[in-house]
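Inspection log for the structure reproduced underneath, given as structure tokens.
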């Protein structure tokens, strides 16, 4: 009889542990990762911004494409359409579903022109 209670007790504990593991697995939600890119605008449209960023470790320039949304904020320019190729920018973005989503595009002010 004691063995039966022990076996039942072990089964209940194992069952509860499995249930807790399943609940915890459902609670895990991947949040978008935040990052930034700094460089020179190569191309810009209403939907996408491409920035050439220098990679010092590899001594190369890499083009980074970012999705522009209506929620993308622009600093030091009126709108995305006012940014042209050759403009120096810093873009804060998040990665969601393997896409880089621009959150803030900051146009760097030129030290020579005062802009």
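The values are calculated or read from the model by the stated rules, or taken from the named source; none is laboratory data. Here the structure is a predicted model, which is why all the values come from computation and not from measurement. We place every Cβ from the backbone using ideal geometry, glycine too, and count neighbours over all the protein chains shown.
Taken across segment 33-50, residues that are within 23 Å of residue 110 (Cβ to Cβ), within 32 Å of the chain's Cα centre (by Cα) and at pLDDT below 95 do not occur at all.
Quick check, is residue 63 in contact with a helix residue (DSSP H, G or I) (Cβ under 7 Å, 6 or more places away or on another chain) and surrounded by fewer than 16 Cβ atoms within 10 Å (Cβ to Cβ)? It is false that residue 63 is in contact with a helix residue (DSSP H, G or I) (Cβ under 7 Å, 6 or more places away or on another chain) and surrounded by fewer than 16 Cβ atoms within 10 Å (Cβ to Cβ). Kindly establish whether residue 90 is within 16 Å of the chain's Cα centre (by Cα) and not in a loop (DSSP other than H, G, I, E, B). So residue 90 fits the description; yes.
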